[in-house]
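Visitor: Please read through the structure below; I'll follow up with questions.
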Amino acid sequence: MISAKVIGVFCVLAFLAISSSPSHLQAEGCENEKNIVMNKDGCYHNIERHLGDQFPKRHSHCCQTVESADINCICRTFTAADKAKIALSKWINVAKECGNPLHAGTNCAGYRVPLLP
């Protein structure tokens, strides 16, 4: 009887461990994508707060990363330090220019994507 309870508890713990792993891996993937975006060789020169050109070329390393990225997940990984360096409005425009736009009304790290006129 006791061994059945132990096995049951073990199964529940194993299920919880397995089911939580993909989100952890997804968070790591988002962090890696965000690091590329924030890198000078990535999108940083497009989203820099004061100097960024928010219209990257479609064949750029920035767009290659952004077009296949989970943009919403990247938005969730932006820190206060990141937001001090970049303009989120430029990030939204870069995502749109690279063919992976956020939906109007989406909250990206505290910035609400504007509704289209």
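Computed from the coordinates by the stated procedures, all read-outs in this text should not be read as laboratory data. Fair warning: this is a prediction, and the values are worked out from it, not measured in the lab. Every residue, glycine as well, gets a Cβ built from its backbone with ideal geometry; the counts of neighbours run over all protein chains shown.
Visitor: So for the range 22-113, averaging the separation of alpha carbon pairs under 8 Å that are six or more residues apart and normalising by length, what relative contact order in percent results? It would help to have the intermediate numbers written out before the result.
Guide: On the way: 129 pairs, mean separation 26.9, N = 92.
About 29 percent, as a whole number.
Visitor: Considering the alpha-carbon set of the range 22-113 alone, what are its Rg and its Dmax in angstrom?
Guide: Rg and Dmax of the range 22-113, Cα atoms, are 11.8, 37 Å.
Visitor: Within the set of other residues whose C-beta is less than 13 Å from the C-beta of His45, count the net charge using Lys and Arg as +1 and Asp and Glu as -1.
Guide: Values: positive: Lys40, Arg49, Lys57, Lys85, Lys90; negative: Asp41, Glu48, Asp53.
That sum, taken over residues with Cβ under 13 Å, equals +2.
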